[in-house]
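What follows is a set of notes on a single structure, which appears directly below.
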Amino acid sequence: MAGETGPIHVSRAVAMVIAAFLALSCFNVLEITLSTFTTFRRRRGLYFWSMLIAAWGTLVHAISGFLRYFALAPNFPMSVLICIGWYAMVTGQSVVLYSRLHLVTTHKQYLRFVLWMIIVDAFVFHVPTTILFLGSNHGVSSWVSPFNIYERVQLTGFSVQEIIISTLYIWETLTGLRPVLALKGPRGNRVVMNIILVNAIAIALDVVLLVLEYTGYFDIQTTFKPLVYSLKLKMEFTVLNSLVAVIRASPTSIEEIQQSHDDLHIQPRWSGDHSSHSRDGVDPEQLGSHEAQLRDRSRSKKPTSSPGSWTSEYPMISVGPGVS
């Protein structure tokens with residue numbers, strides 16, 4: 001067996017690789033925890049707690065799996081901790097993405113669909129896998145074969161869930177959020193590209209886990225998984241916080257409005273010369289109208305309720321002071 005029922009016997013090289021996975025996972029979790037407590041001003045809310053639970057679950061899953069594989073702790077208690085950490089790591093990761101999905105989409109049906117998908121998948125995949133895994137590690141040898149089958153089922157199911165959420169982020173960013181962030185200039189465009197890149201990498205990492213599982217490397221897959229989830233959590237934490245920051249930033253100066261014009265390929269005329277001749281085939285009155293609209297947007301985005309907070313004119317974006 002490759003670790004389904006207890007400790008493993010591997011070469012020194014493989015053991016060193018597994019230890020490296022553990023060390024990197026723990027380092028990432030520590031960094032995520034420190035970043036979370038230093039970034040959030042208000043330490044409450046779904047995003048804050050799901051981030052911490054997912055990070056700490058990854059740590060519990062990684063350490064208990066390492067101790068179990070190398071017979072450094074009793075097998076069954078470590079198996080229980082592996083399951084607890086697995087719940088927090090996998091479902092917690094999806095809840096983190098769900099908690100910030102409203103920033104990129106206005107479609108409430110998408111939000112409801114993702115929420116119910118997470119809830120249903122948690123029961124469908126966590127519960128049977130836990131029963132089969134704990135039974136296999138408590139001496140019920142007849143459960144080992146069903147566990148091996150359902151292990152692939154649950155890994156595929158959770159991977160599909162995360163791919164759906166990541167694809168939704170990419171699609172909504174390209175179709176709905178990109179025109180909004182284009183008004184923020186190069187910084188907004190960078191956030192768009194970062195969101196797409198991070199979610200594409202997350203999909204690629206899920207594919208790697210599936211390949212390891214279906215090629216029979218159970219021990220490598222299960223020790224590589226905490227590293228994958230800690231990396232995804234770390235990337236998503238960075239890019240989602242940058243999304244909040246760039247949404248909060250509003251152009252308040254003529255120079256920033258000029259930059260917005262450049263990004264939209266509009267040639268503004270800031271001088272008072274509004275002659276009847278068009279420049280580069282663009283009507284001067286139309287240019288003046290663009291300038292007025294951008295100035296109105298700039299004024300409308302200034303704080304109205306409290307310092308450091310504003311509400312965007314775009315219905316999907318409503319950001320208060322600090323990261324919440």
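Every number in this text was worked out from the coordinates using simple rules, so none of it is lab data. Quick caveat: nothing in here was measured; it's all calculated off a predicted structure. As a convention, Cβ positions derive from the backbone with ideal geometry for all residues, glycine included, and neighbour counts pool all protein chains shown.
Tabulated results
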item	result
Mean separation of Cα contacts under 8 Å, 6 or more apart, over the residue count of the range 12-248: relative contact order %	24 percent
The range 6-133, relative contact order [Cα under 8 Å, separation at least 6], %	25 percent
Local electrostatic count at Leu212 - Lys and Arg +1, Asp and Glu -1, tallied over other residues with Cβ under 15 Å	-3
Global form of the range 173-212, assessed from the alpha-carbon gyration tensor, a/c cut-off 1.5	prolate
11 Å beta-carbon shell around Gln161, net charge (K/R +1, D/E -1)	-3
15 Å beta-carbon shell around Met117, net charge (K/R +1, D/E -1)	0
